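Trainee: Okay, here's the structure, questions in a sec.
Please treat every number below as a calculation from the coordinates, not as lab data. Since the model is a prediction, treat every value here as computed from it, not as a measurement. A quick note on method: Cβ atoms are made from the backbone with ideal geometry, for glycine too, and the neighbour counts reach across all protein chains shown.
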Amino acid sequence: MTYIQGETGNWEVVIGLEVHAQIISKAKLFSGAATDFGSDPNSQVSFVDAAFPGMLPVINAFCVEQAVRTGLGLKAEINLVSVFDRKNYFYADLPQGYQISQFQQPVVGRGQLVLDLPDGSSRTVGITRLHLEQDAGKSIHDQHPTKTFIDLNRSGVALMEIVSEPDLRSAEEAGAYLRKLRSILRYLGTCDGNMEEGSMRCDCNVSVRRPGGELGTRCEIKNVNSIRFVQAAIDFEARRQIEVLEEGGTIVQETRLWDTTRLVTRSMRSKEEAHDYRYFPDPDLLPLELDPAWVEEIRRALPELPDEKKARFMADFKLSAYDANVLVNEKAKADYFEAVANGRDAKMAANWVTGELFGALNKAGREIEDSPVSAADLGALLDLIGDNTISGRIAKEVFEEMFATGAKPGDIVEKKGLRQVTDTGAIESAIDAVLAANADKVEEFRSGKDKLFGFFVGQTMKATQGKANPALVNEILTRKLKG
Amino acid sequence: MSALTRMTMAEALKGLAAREFTAVELTEAHVRAVEAARPLNAFITETPDKALEMARASDARRARGEAGPMDGLPIAVKDLFCTRDVLTTAASHILDGFHPQYESSVTTNLWRDGAVMLGKVNLDEFAMGSANITSYYGDVVNPWSPGDAGAWERRLVPGGSSGGSAAAVAARCALGATGTDTGGSIRQPAAFAGIVGIKPTYGRCSRWGIVAFASSLDQAGPMTRTVRDSAIMLRSMAGFDPKDSTSVDMPVPDFEAALTGDVRGLRVGIPREYRVDGMPAEIEAMWQRGVEWLKAAGAEPVEISLPHTKYALPAYYIVAPAEASSNLARYDGVRYGLRVEGGNLKEMYENTRGAGFGKEVRRRILIGTYVLSAGYYDAYYLKAQKVRTRIKQDFDAAFTRCDVILTPTAPSGAFAIGEKMDDPIQMYLNDVFTVPVNLAGLPGMSLPAGLGADGLPLGLQLIGRPFDEETLFRVGGVLEEAAQFTATPPFMA
Amino acid sequence: MSLDKAAVARIAHLARIKVPDEELDHLAGELSRILDFVEQLGEVDTADVAPMASVAAQKLRRRPDEVTDGGYPEAVLKNGPETAEGYFAVPKVVE
């Protein structure tokens, strides 16, 4: 357990996350307006989304399917009957004066998510529920000195609210949870997980307590829009609460805002009042009933998800949990790795992908999707090592060239004459020259200074510009020095 | 006065088909009638130019041989239906200046079939009321008044909420009008004005584009002077609409074809719980006459029980305000209608909604807000929805013993403007016979059965099985024939 | 059930309707009478009765995921009491 050291002893932070994930769909949850990001204000708004009199909701079949798919991906119960409720409150960007959401009977019930921790271990976190709901519009506060502007383009876009149990115990775990959830959503193709564009937002429920003690009063930090900020907000909030408690104060249950410039949480003025949402079933809709056969169909068509992929990589390719984690967290990375590893030495493939490739991508600030080195080319490079065309050391040089120019490994090897020397005669004469030039060292070696073997290898490789086959060099050197 | 405004829809269709008059002539006569009927305050917006333009288009269609089932018939539209580019108010201050950029599905269907719009008629604000005395645009006056025919006094309410529709049709300014019925808002004013009105089965007419009052109860329907006209008009209004999740995908029958005049062997349920305390003897007598007429025509009366009838009103006065409190949250001064500025957003909301809603609407929003609020939901809303299930079960059981149910439409005839105003409960009790039908989602029809002692029309109600409006038309046709209701109101345009 | 003036003020605030102070007492009386009237539902035995979900005996229809609506900002903004630069405008909100 990770505890926070306070003035008066240890504290444990208890975190539950509510993630709002925008469903990937062409049209909105209850209207036929488009969902594209970044369009002109109010251009993707139907009369339904703007809540004109007499407008009625009709549900988008694909959004339901996406929610079910996500539920299945989270190993959750799918509720064959669920109900849409109205959550009533007034806000300028909530045109209906209520949000259509699911309160008592969500479409997805209990599930779970496996956290992959940095030390390679894992821990299961409970998912309380997943429900479908409408997004609100957007309030823009900074374009006019005395006015707030309202853009309803987002109004009515389908969201999945995914609620975790209060099972998380540190900001790092919260980060791991979000990364894992995002990974699963992307594998499933149900949410793009893009927090910068707001298609994944997180509300953090944070409280602190004495280790193992009663749960403390929680504060909710609304709408945090990056994993880094989630972690920073939780850390700040936990320390704030500890400070209050240690000074003899009490925590007031409230909604707080993460201030991205001052890096603090602060009480939200617009949410000061206690809420009474007056939930009741939306009479414009009927209960949502799912056909169990249809749910099964979606289950059967689920892609392999990160946990299964990780297990398979560990079993089939004998990868470590750590390597497997690194490879499966993004589907594109895992696919890339598999393309390289298939029919080749998997451990070597993993080392090359996670080491050379990811390192180079990271340095260049590029994503796997636009890697200049294709999986086929990296595979070809490993083949050149495998059949002794080049050594591992030369291969790194070739890789750099491939990454910089996009050229094929075979072409680079030929053009630069990097082909490994496997001609024993050539190696032998190079060794002879090295031994002759270093007769004193040969003496020292023979009188017991074994360490000098490496020196002779180095000299020989230098003489052959690194192209000599290292195994042959070893073998011939051994014979000649001992002989 | 013109003979053209005295016809039924069926007669007008014949006349148009026989080229006895044109749609423009028919419409011009009605436009003049609308003007002449201004003392009734039935219209909020008159659209004579639009009416004539539509009539000209109708004549052109007829000339091409493309006339629709309602082609050239001038009608009035309750101002709860959104009409493109035509002021739509719901009789509320809060919708000041609202010009929808869309057309309700029901009116779209009517225009598709050739009907002509005379204008938008008055109603209780947001359809909340039983007397048409809550409109921001003023009270509607019933074209009937007590005493000898011929001497009209500005005295009686037309019923509500579709009071403008009822007054316009009864006063011969329109051949028919659209209404909406949440707890009796078509049937009760139809009874008070001596006309026919039908609330179809929930899901029969699309709610898309109708300003919502209580979503699980609201249903549009026609108000006309004869049963046949209601059959003609409902056929045009009804139909599956993919834009309304509660619209039911069922074919629309030819309701006129159901007017066979044959009710032999039909079992007519007479619910004993509808004999309520204090019901005037003449209502009781009229009801009994209705039973006798059907018996004479070969139908078989059966006594039935609807044990939860007395709980319908209290359940209704939880469910309807609860839904309304949420449906009316969108009137916030941000996107359309009235805005009353304030120092901040919250003040703007409170000022706008404080000034924009009338007292009855405010009362219902507050009741609805309260019954849904934390700690009260189970005791009120959930309980009411359970009672509603009980009421539905009552009807299900009754319909195993009968094919149609006959009741009075309202426990009284039209009352005076100003009466029952101080006590909301007294006003609500007017809907005691109509509300159960909405709670159970059934079709119900009111038709004039005769005049009371004070010379005012009284209505009988028929209640049918879900989606069995045809039986209502069949039985309604027989009752209409037997009743020979030929009386006309003292005020006619 | 009887509502007092403070309760009515609280509900009015929840419903965002400004009610003049002098009307609160009268309104409290009216609302209390309505609540008394609906109180009789307590007499109905509703054990084992499901609340009515919908009177329409049908399943929730789903529409295909196609863009069929929107793209008319002028029509959306046309009735706006105050608009600017393609937006609706309201008094500034401080979060």
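Trainee: Going down the list B:Lys346/C:Lys18; B:Lys310/B:Lys386; B:Lys243/C:Lys59, which pairs span over 18 Å between their C-alpha atoms?
Mentor: Pairs exceeding 18 Å: none.
Trainee: Distance in nm between label sites at A:Asn388 and B:Asp396, each 7 Å beyond Cα in the beta-carbon direction?
Mentor: Distance between the two pseudo-spin positions: 8.4 nm.
Trainee: Show which lysines lie in cross-link reach of A:Lys449 when reach means a straight Cα distance below 20 angstrom and same-chain residues fewer than eight apart are skipped.
Mentor: Hits, sequence-local ones excluded: A:Lys441, A:Lys480, A:Lys482.
Trainee: While we're on this one: If I model a spin label as a point 7 Å beyond the Cα along the Cα-Cβ vector, how far apart are those points for A:Asn474 and B:Glu11 in nm?
Mentor: 11.4 nm
Trainee: Let me ask you something else. In the range A:1-93, which chymotrypsin sites (Phe, Trp or Tyr not before Pro) fall in coil by DSSP and have 11 or fewer other Cβ atoms within 10 Å?
Mentor: In loop regions of the range A:1-93 (DSSP not H, G, I, E or B), there are no sparsely surrounded chymotrypsin sites (Phe, Trp or Tyr not before Pro).
Trainee: Among A:Asn60, B:Met223, A:Leu152, flag the residue with its Cα farthest along the positive direction of the charge dipole of the protein assembly as shown, charges on Cβ as +1 for Lys/Arg and -1 for Asp/Glu.
Mentor: Going by the charge dipole, the pick is A:Asn60.
Trainee: Just round it to a whole percent: the fraction of Cα-Cα distances in the protein assembly as shown exceeding 47 Å.
Mentor: 42 percent
Trainee: Continuing with this model, one more query. Work out the length of the dipole vector of the protein assembly as shown about its Cα centre, built from +1 on the beta-carbon of each Lys and Arg and -1 on the beta-carbon of each Asp and Glu, and round it to the nearest 20 debye.
Mentor: Magnitude of the dipole: close to 1160 debye.
Trainee: Find the relative contact order for chain B and round it to a whole percent, using C-alpha pairs within less than 8 Å whose residues are 6+ positions apart.
Mentor: 19 percent
Trainee: Could the peptides B:215-226, A:387-398, A:104-115 be put in order, highest first, of the mean number of other beta-carbon atoms found within 10 Å of their residues?
Mentor: B:215-226, A:104-115, A:387-398
Trainee: So between A:Arg344 and A:Ala404, what do we pick up on full extension, going 0.36 nm a residue minus the alpha carbon distance?
Mentor: 19.2 nm
Trainee: Note down the relative contact order for the range A:4-297 as a percent, whole number, built from C-alpha pairs under 8 angstrom at least six residues apart.
Mentor: Relative contact order comes out at 24 percent.
Trainee: Rounded to the nearest 10 degrees, what's the angle between the helix A:452-463 long axis and the longest principal axis of chain A, both from Cα atoms, 0 to 90?
Mentor: Between helix and principal axis, roughly 90 degrees.
Trainee: From the helices alone, meaning DSSP H stretches of at least four residues, give me the mean residue ellipticity at 222 nm for the protein assembly as shown, per-run term -39500 (n - 2.57), in deg cm²/dmol to the nearest 500.
Mentor: Helices in the protein assembly as shown give a 222 nm mean residue ellipticity of -11000 deg cm²/dmol.
Trainee: Also, I was wondering about something else. With bins 20 Å wide starting at 0, give me the P(r) of chain A over every alpha carbon pair, in whole percents.
Mentor: 19, 41, 25, 13, 3, 0
Trainee: Give the angle, between 0 and 90 degrees and rounded to the nearest 10, that separates the Cα long axis of helix A:171-188 from the longest principal axis of the Cα atoms of chain A.
Mentor: It is inclined by approximately 90 degrees.
Trainee: Between the range C:16-38 and the range B:444-475, what's the alpha-carbon centroid distance in Å?
Mentor: 36 Å
Trainee: On to the next question. Just the number, please: Stokes-Einstein D of chain B in µm²/s, Kirkwood Rh from C-alpha pairs, 37 °C, 0.692 mPa s.
Mentor: Translational diffusion coefficient: 148 µm²/s.
Trainee: Using only the alpha-carbon atoms of the range A:303-416 as identical scatterers, what base-10 log of I(q)/I(0) does the Debye formula give at q = 0.13, 0.19, 0.22 Å⁻¹?
Mentor: Normalising to I(0) and taking log10 leaves -0.46, -0.95, -1.22.
Trainee: Rank the residues B:His308, B:His30, A:His20 as a footprinting-exposure proxy: fewest other Cβ atoms within 10 Å of their Cβ go first.
Mentor: A:His20, B:His308, B:His30
Trainee: May I pose another question? For the charge dipole of chain B, defined by +1 on Lys and Arg C-beta atoms and -1 on Asp and Glu C-beta atoms about the Cα centroid, which residue among B:Tyr274, B:Asn351, B:Pro448 has the Cα displaced farthest towards the positive pole?
Mentor: B:Asn351
Trainee: Sticking with this structure for a sec: Would you give the gap between the C-alpha center of the range C:45-95 and the C-alpha center of the range B:297-364, rounded to a whole Å?
Mentor: What the calculation gives is 18 Å, centre to centre.
Trainee: What is the average number of partner chain Cβ atoms found within 10 Å of a Cβ in B:381-394?
Mentor: Mean shielding count: 5.
Trainee: List the trypsin sites (Lys or Arg not before Pro) in the range A:254-345 that DSSP assigns to loop (not H, G, I, E or B) and whose Cβ has at most 14 other Cβ atoms within 10 Å. Which are they?
Mentor: In loop regions of the range A:254-345 (DSSP not H, G, I, E or B), the sparsely surrounded trypsin sites (Lys or Arg not before Pro) are A:Arg262, A:Lys318.
Trainee: Give me a single rounded figure for B:301-313: the average over its residues of other chain Cβ atoms within 10 Å of their Cβ.
Mentor: What the average comes to for B:301-313 is 1.
Trainee: Restricting to Cα pairs below 8 Å that are 6+ residues apart, what does the relative contact order work out to for the range A:424-482? Please round to a whole percent.
Mentor: Normalised by residue count, the contact order of the range A:424-482 is 42 percent.
Trainee: Right, another one. What's the angle, to the nearest 10 degrees (0 to 90), between helix C:5-14's Cα axis and the longest principal axis of chain C?
Mentor: 20 degrees
Trainee: Filter A:Lys222/C:Lys5; A:Lys138/A:Lys180; A:Lys310/A:Lys462 down to the pairs with a C-alpha to C-alpha distance above 32 Å, please.
Mentor: Beyond 32 Å between Cα atoms: A:Lys222/C:Lys5; A:Lys310/A:Lys462.
Trainee: Going 7 Å from the Cα of B:Ala60 in the Cα-to-Cβ direction, what parts of the range B:9-38 have a backbone nitrogen less than 14 Å from that spot?
Mentor: B:24
Trainee: Let me ask something additional. Which value in Å does the Kirkwood hydrodynamic radius of the range B:344-492 take, with 1/r averaged over all unlike C-alpha pairs and then inverted?
Mentor: Taking the inverse mean of 1/r over all distinct Cα pairs, the range B:344-492 comes out at 18.7 Å.
Trainee: Okay, moving on. Filter the trypsin sites (Lys or Arg not before Pro) in the range B:40-75 down to the DSSP loop ones having no more than 12 other Cβ atoms within 10 Å, then list what survives.
Mentor: Passing both the DSSP loop test and the Cβ count: B:Arg64.
Trainee: Report the Stokes-Einstein translational diffusion coefficient (µm² s⁻¹, integer) for the range B:168-235, Rh taken as the Kirkwood radius over Cα pairs, at 20 °C with viscosity 1.002 mPa s.
Mentor: For the chosen part, D equals 180 µm²/s.
Trainee: Enter the mean number of other protein chain beta carbons within 10 Å of the beta carbon of each residue in A:92-101, as an integer.
Mentor: The shielding value for this peptide is 5.
Trainee: Enter the Cα centre distance for the pair the range A:340-385 and the range B:37-90, rounded to the nearest angstrom.
Mentor: 73 Å
Trainee: May I pose another question? Could you point to the residue in B:Ile425, A:Phe445, A:Leu132 farthest towards the positive end of the protein assembly as shown's charge dipole, with +1 and -1 charges on the Cβ of Lys/Arg and Asp/Glu respectively?
Mentor: Most positive-ward Cα: A:Phe445.
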